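The structure appears below as structure tokens.
Rule-based calculations on the coordinates, nothing more; no lab input. Only a predicted model underlies this, so the values are computations on that prediction, with no experimental measurement involved. FYI the Cβ positions are ideal-geometry reconstructions off the backbone, even for glycines, and counts take in every protein chain you see.
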Amino acid sequence: MSNVPPAGYRFTGFTLVELMVAIGVIVIAASIALPSYSSYQDRARIAQAITDIGALNINARHYMIDNRVPPPNLAAIGGAGKLDPWGKPYVYLDLTSAGIGKARKNKNLVPINTDFDLYSNGKDGLSKLPLTTPVSRDDVILANDGRFIGLASKYE
């Protein structure tokens with residue numbers, strides 16, 4: 001037997017040029033899709049943090065109705081060990097015992113809550129008390145005693 005193809009037989013494989021073009025198209029499609037997917041993941045994590053903070057806020061408000069004071073910590077309302085979508089614990093501070101000096105503050109340095117602060121440190125995992133500092137802009141916050149829940153960069 002010889003390795004010679006029969007007469008009239010045509011090879012039906014990919015050429016090197018065709019493979020390179022196909023790989024190039026895949027690389028271009030991936031370079032377009034990856035940033036979009038990353039942006040989608042960020043939005044989904046922010047939405048999850050907003051939902052979690054909203055639920056913790058409702059539990060804290062129910063605690064306040066029953067006890068007339070804010071909960072001393074998240075454990076008192078079933079939120080012990082609850083992690084934000086970035087894997088860090090939510091931050092809670094009872095302002096009635098800690099004092100207003102430790103409260104998160106807006107651009108005018110006015111506290112954004114009166115009873116308690118509740119927030120996620122966001123994507124970078126860092127935060128400072130004034131919302132105007134760059135490391136605080138990605139925090140997901142509870143403000144105006146629960147009337148605002150969202151990104152610190154969107155709070156005015």
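General remarks:
- Highest mean first, the peptides 34-47, 115-128 sorted by other C-beta atoms within 10 Å per residue fall in the order 115-128, 34-47.
- FRET E, pair residue 21, residue 86, Förster distance 35 Å, beta-carbon r, rounded to 0.05: 0.30
- Tilt relative to the chain, helix 16-67 - C-alpha long axis, 0 to 90 degrees, to 10: 20
- Protection proxy ranking of 104-113, 131-140 - average other beta-carbon atoms within 10 Å, highest first: 131-140, 104-113
- The stretch 117-147 residues near the modelled residue 42 label - backbone nitrogen below 20 Å, point 7 Å along Cα→Cβ: 120-128, 131-142
- The convex hull defined by the C-alpha atoms of the chain has an orientation-averaged projected area of 16.2 nm².
- Here the stretch 108-156 is treated with +1 on each Lys and Arg Cβ and -1 on each Asp and Glu Cβ, and its dipole about the Cα centre works out to around 140 debye.
- Inter-label distance, residue 156 to residue 51: 2.9 nm, where each label sits 7 Å from its Cα along the C-beta direction.
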